[in-house]
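Worksheet: the structure to be examined is printed underneath.
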Amino acid sequence: MSEEEALCLETYRARVLFVNLEEDHQKFLVNSLFSNERVRLVGSRTVEEALYRMCSDEFDLLVLGIDGDLCQRRDFLLSDVFGHYVSIRKNCQTIIVGPHEDRAKQLFTCQLLNAGRYVCKNKILQLPKAILDQLDACNTDVFNVLVVDDEADEECVKYLKEMEGFAGTGVKTAAWAREAFRTNSYDIVLMDVVLDLDNESGFDLIQEFQSINPDQVFVVMSEMLVPEFNFILSSLNVLGVMYKPLSKELFETTMNKTIGRIVRLSAQ
């Protein structure tokens, strides 16, 4: 496996920022999740450090340690910082660690934090699982794929239905492709670029769709991709290439690599 292939196969690691945890709780959390390939932990002990981290990175989950007294300036200031952050990054989730659940609920409410979880300080062993469960709860997206191919559309849609987290729509003509693209939103357009579709090439459709949505992601497929195509592909938002005849293994690998690239680009 080449270095490029290995990079493409990397799974996205959710970014978790934990702030103001007690030292032994922090060590336990790091030791528990350090080797977990789904999570990248970032810790900070002060409000200033937390602010710096939030300005320099995007986080999927914030874990806030509190003393349980809303009158304490530190707790309120930290929760205020968290509330401002999640108001900007809408999908960011929160977990509060503290001695009293009712205090945590007040913080969730008054600072408009996204509905999160509470972990009692006396049950800190539950925190690693709570983090993974919270990430699972907010990671329910299904990637919607439009397949444009006058031959293999049914085969591709069948593969997509067998893959977890994907949904597919197949069309055989350029007219149907335009109608589907006009009336629906797709995370990926899978396009046959060589075969003619109503006397139009797949490249024509890609350029047309990209003029409508510059951020649209494409995966192209063909029986052959000659060197002249490289220049065209480099000017389009093409994140994956598949060669025919398709195999289920090749199809699944290419689609999963593409999702990995989409996630990494969105996190930059």
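The values are calculated or read from the model by the stated rules, or taken from the named source; none is laboratory data. From a predicted model like this one, the values you see are computed outputs, not experimental measurements. Note that each Cβ is placed from the backbone with ideal geometry, even for glycine, and that neighbours are counted across all protein chains shown.
Observations, loosely collected:
- Where a residue in segment 129-154 is surrounded by fewer than 14 Cβ atoms within 10 Å (Cβ to Cβ) and assigned to a helix (DSSP H, G or I) and its partner, wherever it lies, is of a type outside the set (S, T, N, Q) and at pLDDT 75 or above, with Cβ under 7 Å and at least six apart: 154/170
- Extreme residue, modelled with the highest pLDDT, among residues of segment 51-82 that are part of a loop (DSSP other than H, G, I, E, B) and more than 26 Å from the chain's Cα centre (by Cα): 66
- Total residues in segment 213-266, condition at pLDDT 75 or above and either small (Gly, Ala, Ser) or more than 13 Å from residue 193 (Cβ to Cβ) (or both): 27
- Residue list for segment 159-182, restricted to those being within 15 Å of residue 208 (Cα to Cα) and surrounded by fewer than 20 Cβ atoms within 10 Å (Cβ to Cβ): 173, 175, 176, 178, 179, 180, 182
Each row is one residue, and each column tells you yes or no for (1) out of contact with any Phe, Trp or Tyr (no Cβ under 6 Å at 6 or more places or on another chain); (2) at positive phi; (3) at pLDDT 75 or above.
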| residue | (1), (2), (3) |
| --- | --- |
| 129 | yes, no, yes |
| 136 | yes, no, no |
| 143 | no, no, yes |
| 153 | yes, no, no |
| 156 | yes, no, yes |
| 166 | no, no, yes |
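- Selected residue [in a loop (DSSP other than H, G, I, E, B), loosely packed, with under 14 Cβ neighbours inside 10 Å and either within 20 Å of the chain's Cα centre (by Cα) or not assigned by TED's automatic domain parsing to the domain that holds residue 254 (or both)] from 37, 48: 37
- Some residue of segment 83-90 being of a type in the set (S, T, N, Q) and at pLDDT below 85: yes
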